[in-house]
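**Student:** Dropping the structure in here first, questions after.
All of the numbers you see were taken from the coordinates with simple rules; none came from a lab. The model shown is predicted, which means the values in this text are computed figures rather than measured ones. As a convention, Cβ positions derive from the backbone with ideal geometry for all residues, glycine included, and neighbour counts pool all protein chains shown.
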2 protein chains.
Amino acid sequence: MTGWVVIAGIGPGNDAMVTPEVTAALAEATDVVGYIPYVERIAPRDGLTLHASDNRVEIDRSQHALQMAAEGRRVVVVSSGDPGVFAMAAAVFEAVEFGDPAWRQLDIRVLPGITAMLAASAACGAPLGHDFCAINLSDNLKPWHVIEKRLRLAAEADFAMAFYNPRSKSRPEGFAKALNTLQETCGDNRPMIFASNVSRPDQAIRVVPLQDAKPEMADMRTVVLLGNSQTRIIPGTEMIYTPRRSDL
Amino acid sequence: MTGWVVIAGIGPGNDAMVTPEVTAALAEATDVVGYIPYVERIAPRDGLTLHASDNRVEIDRSQHALQMAAEGRRVVVVSSGDPGVFAMAAAVFEAVEFGDPAWRQLDIRVLPGITAMLAASAACGAPLGHDFCAINLSDNLKPWHVIEKRLRLAAEADFAMAFYNPRSKSRPEGFAKALNTLQETCGDNRPMIFASNVSRPDQAIRVVPLQDAKPEMADMRTVVLLGNSQTRIIPGTEMIYTPRRSDL
């Protein structure tokens with residue numbers, strides 16, 4: 001029996017956004033590991049063991065997955081959205097590099113998924129329709145001054161922006177600081193989009209002019225998008241898009 | 001009969017990456033419009049008319065789709081990858097804004113897809129596993145100095161980067177200029193990834209140190225990824241990842 005690890009993106013929440021290759025990998029798996037709410041999305045069946053773990057134990061979870069694969073099991077590591085965007089893929093490769101050298105010979109594959117920013121963008125039009133960046137606002141793994149610098153440079157580059165993990169209970173002040181920076185640096189009233197529970201029945205999309213955005217509009221279940229200087233709301237509609245053309 | 005327009009992402013090429021909601025929309029459609037090679041991916045059937053058009057006619061194609069929907073037809077506009085990333089969604093909304101005011105009342109939905117950069121990232125590990133940006137290197141719709149400025153600011157921000165449309169026959173010099181800028185501004189030998197025909201049987205992934213990258217390694221069917229200053233290749237493997245942690 002040959003083991004493997006598949007790091008699979010299960011999209012933002014709606015099963016109609018899970019790709020067939022991810023569904024096929026789950027059907028072949030002996031074990032699924034992941035953060036509790038993501039593992040809860042996987043249907044139990046005979047021969048499949050579900051290993052749900054808490055947040056912030058990404059390396060432990062990765063080591064567990066790799067160890068099981070080394071023992072011949074077929075392991076799917078589930079990530080919300082896309083595993084390569086602020087999710088489990090980088091954690092698994094970090095665990096490979098600094099773990100048992102035998103793990104480097106394992107069959108490890110990453111299966112992409114619909115990441116939250118693209119589902120949110122689709123839900124309100126095409127706000128990321130021109131050059132854009134994606135920034136993780138969590139300062140668990142990087143100092144705040146790095147985030148601050150990136151926000152200023154992204155504004156100067158006139159990127160549309162997507163923000164993951166904007167706000168947690170343990171550090172509610174981060175997003176307030178980010179908003180201040182963006183309001184000052186962008187200096188205009190481009191649309192900011194707060195998208196919660198994207199693609200789920202309780203999806204909520206709130207659009208406000210940047211200068212009216214408030215920290216409490218976001219929590220950790222929100223992905224926040226910000227247009228560039230040219231982003232438009234089509235008059236009389238709720239459709240938002242960033243033009244393909246830039247004449248700046 | 002009520003018409004609609006769905007702007008659907010059909011992923012980078014492998015049908016196993018097409019989401020079920022996109023497949024369902026195609027099953028309900030009366031008409032599919034899109035660029036020739038993307039429409040060729042749609043299986044013909046009774047009751048479905050395929051309208052393939054050439055590149056660079058995005059607004060004409062959008063107007064055609066909207067007009068058919070206004071006449072009660074069920075139209076899927078197909079985009080490779082994700083429709084919101086350098087693809088048809090922004091073009092359709094531009095056509096709505098500047099077209100027949102009645103089009104603003106149409107049922108228009110965007111269904112996300114697996115965009116090329118995330119499929120390419122998955123194919124080689126997790127090179128976009130930290131903050132990153134996506135830049136369209138085509139200068140059809142923006143002046144070169146805007147691209148140049150964004151490259152410099154993205155390097156200063158230490159974003160990992162994804163480049164779409166790096167090189168065409170009509171303007172082969174653009175990517176050479178971009179490479180020069182990146183080689184000079186980044187000043188290191190982080191991995192650059194040239195991913196062609198991602199997810200297809202003829203997928204080709206080539207990884208070179210940034211200073212060894214050459215313009216002819218890319219064409220319009222290539223998506224190019226560049227790590228940030230911390231991106232690593234796990235020794236003895238071909239796995240590339242950008243660490244989640246940043247201590248800069």
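**Student:** Taking only Cα atoms of the stretch B:117-241, what ratio of Rg to Rh do you get with Rh as the Kirkwood inverse-distance radius?
**Tutor:** Here Rg/Rh amounts to 0.93.
**Student:** Around A:ALA176, what is the net charge, scoring Lys/Arg as +1 and Asp/Glu as -1 over all other residues with Cβ under 15 Å from its Cβ?
**Tutor:** Computed value for this residue: -2.
**Student:** Just how far, in whole angstrom, is the stretch B:194-209 from the stretch A:1-47 if you go by their alpha carbon centroids?
**Tutor:** 26
**Student:** Can you pull the mean other chain C-beta count within 10 Å for peptide B:107-118?
**Tutor:** Across B:107-118, the average partner-chain Cβ count within 10 Å equals 6.
**Student:** What does the convex hull of the alpha-carbon atoms of chain A project to on average, in nm²?
**Tutor:** 14.5
**Student:** Let me ask something additional. How far apart are the B:PRO235 label points across copies, placing each 7 Å from Cα toward Cβ, in nm, shortest first?
**Tutor:** List, nearest first: 6.4 nm.
**Student:** Just from its helices, what would the mean residue ellipticity at 222 nm be for chain A, if runs of 4 or more DSSP H residues each count -39500 (n - 2.57) and the sum is divided by every residue, rounded to the nearest 500 deg cm²/dmol?
**Tutor:** -8500 deg cm²/dmol
**Student:** Give me the aspartates and glutamates in straight-line cross-link reach of B:LYS142: C-alpha distance below 18 Å, same-chain residues under 8 apart excluded.
**Tutor:** Hits, sequence-local ones excluded: A:ASP131, A:GLU156, A:ASP158, A:ASP247, B:GLU58, B:GLU94, B:GLU173.
**Student:** Residues of the stretch A:56-89 with amide nitrogen under 15 Å from the 7 Å Cα-to-Cβ point of A:LYS169?
**Tutor:** Backbone N within reach: A:56.
**Student:** If we hang a label 7 Å off Cα along the beta carbon direction at B:VAL57, how far is it from the matching labels on the other copies, in nm, shortest first?
**Tutor:** Relative to the other copies, B:VAL57 has label-point distances of 5.8 nm.
**Student:** What's the local net charge at B:PRO127, with K and R +1, D and E -1, over the other residues with C-beta under 11 Å away?
**Tutor:** Net charge in that neighbourhood comes out at +2.
**Student:** Rounded to whole angstrom, how close does the nearest chain B beta-carbon get to the axis mapping B onto A, and which residue is it?
**Tutor:** Output: B:CYS133, 2.
**Student:** Oh, and also: Identify all aspartates and glutamates with a Cα-Cα distance to A:LYS169 below 17 Å; exclude those on the same chain that are fewer than 8 residues away in sequence.
**Tutor:** Output for A:LYS169: A:ASP54, A:ASP139, A:GLU216, A:ASP219.
**Student:** Same structure, new question: For B:ALA16 and B:GLU184, FRET efficiency with R0 = 30 Å and r from the beta-carbon atoms, rounded to 0.05?
**Tutor:** Efficiency for this residue pair is about 0.15.
**Student:** Find out how many positive minus negative residues lie around B:MET220, taking Lys and Arg as positive, Asp and Glu as negative, among other residues whose Cβ is under 10 Å from that of B:MET220.
**Tutor:** Net of charged neighbours comes to +2.
**Student:** Related question: Say we join alpha carbon atoms closer than 10 Å with springs in a Gaussian network model of chain A; which of A:VAL208, A:VAL75, A:VAL223 then has the biggest fluctuation?
**Tutor:** A:VAL208
**Student:** Provide the packing ranking of A:105-115, B:24-34, i.e. peptides ordered by the mean count of other C-beta atoms within 10 Å per residue, highest first.
**Tutor:** In decreasing order of mean packing, A:105-115, B:24-34 become A:105-115, B:24-34.
**Student:** May I ask you to work out the translational diffusion coefficient for the stretch B:40-99 at 25 °C, viscosity 0.890 mPa s, via Stokes-Einstein with Rh from the Kirkwood sum over Cα pairs, reported in whole µm²/s?
**Tutor:** For the chosen part, D equals 199 µm²/s.
**Student:** Moving on. With 27 Å as the cut-off, how large is the P(r) tail for the protein assembly as shown, expressed as percent of Cα-Cα pairs?
**Tutor:** Tail of the P(r) past 27 Å holds 53 percent of the pairs.
**Student:** If you average 1/r over every pair of different alpha-carbon atoms in the stretch A:173-238 and take one over that average, what Kirkwood value in Å do you get?
**Tutor:** With all distinct Cα pairs of the stretch A:173-238 included, I get 12.5 Å.
**Student:** Between B:ARG45 and B:ASP60, what length in nm is gained on full extension when 0.36 nm per residue of separation is reduced by their alpha carbon distance?
**Tutor:** Length gained, B:ARG45 through B:ASP60: 2.9 nm.
**Student:** Using only C-alpha atoms and all pairs of different ones, pull out the Kirkwood radius for the stretch A:4-114 in Å with one decimal.
**Tutor:** 13.5
**Student:** Could you name the lysines whose alpha carbon sits less than 20 Å from that of A:LYS149, not counting residues in the same chain fewer than 8 places away?
**Tutor:** By straight Cα distance, A:LYS149 reaches A:LYS177, B:LYS149.
**Student:** Please give the length that would be gained between A:ASP219 and A:ARG206 if that part of the chain were fully extended, namely 0.36 nm times their separation in residues minus their C-alpha to C-alpha distance (nm, one decimal).
**Tutor:** 3.4 nm
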